[in-house]
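To start, the structure itself, in structure tokens.
A short reminder: the numbers here are calculations on the coordinates, not readings from a lab. What you see is a predicted model, and the numbers here were worked out from it, not measured in a lab. We place every Cβ from the backbone using ideal geometry, glycine too, and count neighbours over all the protein chains shown.
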Amino acid sequence: MPATTDAEPGAYFAAAHAALRSNVERALSGKPHAVRMALTCLFAGGHLLVEDVPGVGKTTLAKAIAASIDASWHRIQFTPDLLPSDITGTTVYDQKTSTFDFRPGPAFAHIVVADEINRASPKTQSALLEVMEERQVTVDGRPRQVPTPFLVVATQNPVDLQGTYRLPEAQLDRFLLRIAVGYPDLVAERDLIMDRARTGTSPELKPVAKIDQIRWMIEYVSRVYISEAVAEYVARIAEATRATPHLQLGMSPRGSLALVRTAQASAAGEGRGYVTPDDVKAVAQAVIAHRLVLTPQAEIDGLTTTAVVNEIMSSVVVPLPAGAR
């Protein structure tokens, strides 16, 4: 915890979390759940996939998080002609010194906004795999570390599939959470229209957290207590995804660990130093659904991974609180 405060760690985390959430919601009003899940992903130390139709605020959410933190960030517009070196960087020959100098690409930032990631070729998409998992890129055989913390916020449009390349399961699994922003409700959209009519521009956000604070908050999440009962609850959920006849690919152990880590971040955001089954339920859909693969028959029947996750979460027995009978 930063030495400049005397607050209790849990209270400090909750206060910083609330300040960030409030600031981001200035740019994306009426979507508290999407904002909260995006920040949960940040503090869990993972990467975020925002999947929704155009115009609902996917890129706005990503840019608002970046603007709320006093940290470096880059935006990459993914297109079919984008090359892997356009992401990772390349070496350039310097005639004055007769040496090759490395010029880092946009991946070298604390926050990378990958806009419309599914419009780039699989080769270019794969350039993100190493940096997302290992926090490094390898150029000319030499590994280079990216800054820490490191968050990739990728967006994609699931409706317009012309000229797109589907993200493979191996890459989807690298994203800790997948969320949708969704349309605003009537009141939120009315207020948005009135606000833009008066100002003509989006609100200008200023940083409300320093990078050292974010590093501490990510480290604090790993210390949030998880009981054996809750750990078994997560394991039973994973087991259920592998046993259901609707899925040909269930949740991997990496998915189980991702569910635990995200639940820890969710609990910390509530000011608690321990995880409850409700924390697991709150993040289960965002963590699990994109890691599952339906059977052909389930697709024919019109099932979705979202519906399967709901069915599993309602069938797995929730552990009772300590001391309950």
Using eta = 1.306 mPa s and T = 10 °C, Stokes-Einstein with Kirkwood Rh from Cα pairs puts D for the range 123-223, in µm² s⁻¹, at 89 µm²/s
Could you state the orientation-averaged shadow area of the convex hull built on the Cα atoms of the range 1-153, in nm² to one decimal? 11.7 nm²
Förster-model FRET efficiency, 25 Å R0, I300 and T244, C-beta, rounded to 0.05: 0.95
Find the centroid of the Cα atoms in the range 27-79 and in the range 266-325, then give the distance between the two in whole Å. 22 Å
How many percent of all Cα-Cα pairs in the range 250-325 sit more than 14 Å apart? 66 percent
In whole angstrom, largest first, the equivalent ellipsoid semi-axes that the Cα gyration tensor gives for the chain are 31, 26, 23
Of K63/K210; K63/K123; K31/K63, which sit over 22 Å apart, Cα to Cα? K63/K123
